[in-house]
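Structure, as structure tokens:
The values are calculated or read from the model by the stated rules, or taken from the named source; none is laboratory data. Just so we're clear, the structure is a prediction, and the values are computed from it rather than from any experiment. Methodologically, a virtual Cβ is constructed for each residue, glycine included, from the backbone with ideal geometry; neighbour enumeration extends over all protein chains shown. Quick note on the areas: whole protein, heavy atoms, side chains included, nothing else; ligands and nucleic acids left out. Shrake-Rupley method; radii C 1.70, N 1.55, O 1.52, S 1.80 Å.
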Amino acid sequence: MVKALFGLVQPAFAEPLQRPNFLYIPSLASKPFYAVSEIDGLKEWIDLLSPFKNELLALGRTSKNKYVDEFETLPTLKEWDKLKDEWLSTHLIKGGEQSDAFNELSKALQNVLLNAPLAHCPPHAPEMFVSVLEPGAYIPPHYGISNCKLTVHIPLKVNEQASLKAGDDTFRWTKNDDAMVFDDSFLHSAKNDHNEVRIVLIFDVWHPELTIEEKQALAKFMRKFSDWNSGVGQLANLDAQLQRK
């Protein structure tokens, strides 16, 4: 795993459409979508969140941040440029840190959000935000950073013409109480073909096969890697760029 991370070997991916762009753990089961019941504690937590969905929906309706700006690198495609005005967001938690928007929520909702079954591995996670996809918006296919975590979408305002494709499978919203869990290390895309916005709450959870010890080890590893990358890693990248010239 470490050799693959530093580009010394090519990882053997279990699925042809699975290509995480940061960290791949080959021992984990690979499938695009998961049932809510497969994630420990998620169903119970969603039930606790239900009374507060209108508060989150109101936050979504005022979202103005361009989520595309959160990506470090993007393909130079017109689809991504167009998406800057069609995919809006409001972060509540980012890299484990609570935002100003989070602090403005009701105390009761804050307590519920803090007890979500989040994947804690800063600076990559946890991340929690309200995501708004405007009418007609299309998110082009792309890969997430790792298969060690899964992405949860809690519907706040959805429609049957809003969908998400991961791998070869497609999830379509049918009602406002269906949560979606998918592995974003698979090639995935999303669209909203309706004439109204699609608004969901998005956050990360651990892959259900990871043990407590493995989660702790991954969190420690990612912190160490982040420290290395912000120092020596930057020099290594600069050296590699100079050698290519």
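The calculated Kirkwood hydrodynamic radius for region 126-233 is 15.3 Å, given to one decimal from all distinct C-alpha pairs.
Treating only the Cβ atoms of Lys and Arg (+1) and Asp and Glu (-1) as charged, compute the dipole magnitude of the chain about its Cα centre; round to the nearest 20 debye.
Approximately 500 debye in magnitude.
Per atom type, the chain shows carbon and sulfur on 51% of its accessible surface, probed at 1.4 Å. With R₀ fixed at 35 Å, the C-beta to C-beta distance from Asn103 to Ser27 puts the FRET efficiency at about 0.35.
Tell me, what is the FRET efficiency for Glu15 and Lys84 to the nearest 0.05, using R0 = 30 angstrom and their Cβ-Cβ distance as r?
Working: r = 30 Å, r/R0 = 1.01.
The calculated FRET efficiency here is 0.50.
Which label belongs to the value computed from this structure, given these candidates for percent of Cα pairs over 31 Å apart: (i) 23; (ii) 16; (iii) 13? Among (i) 23; (ii) 16; (iii) 13, the one calculated here is (i).
Just list whichever of Lys31/Lys157; Lys64/Lys157; Lys64/Lys220 have alpha carbons separated by over 28 Å in the model shown. Let's see the in-between values first.
Values: Lys31/Lys157 26 Å; Lys64/Lys157 17 Å; Lys64/Lys220 34 Å.
In this structure, Lys64/Lys220 exceed 28 Å between Cα atoms.
When you filter the trypsin sites (Lys or Arg not before Pro) in region 127-204 for DSSP loop state and at most 13 other Cβ atoms inside 10 Å of their Cβ, you are left with Lys175.
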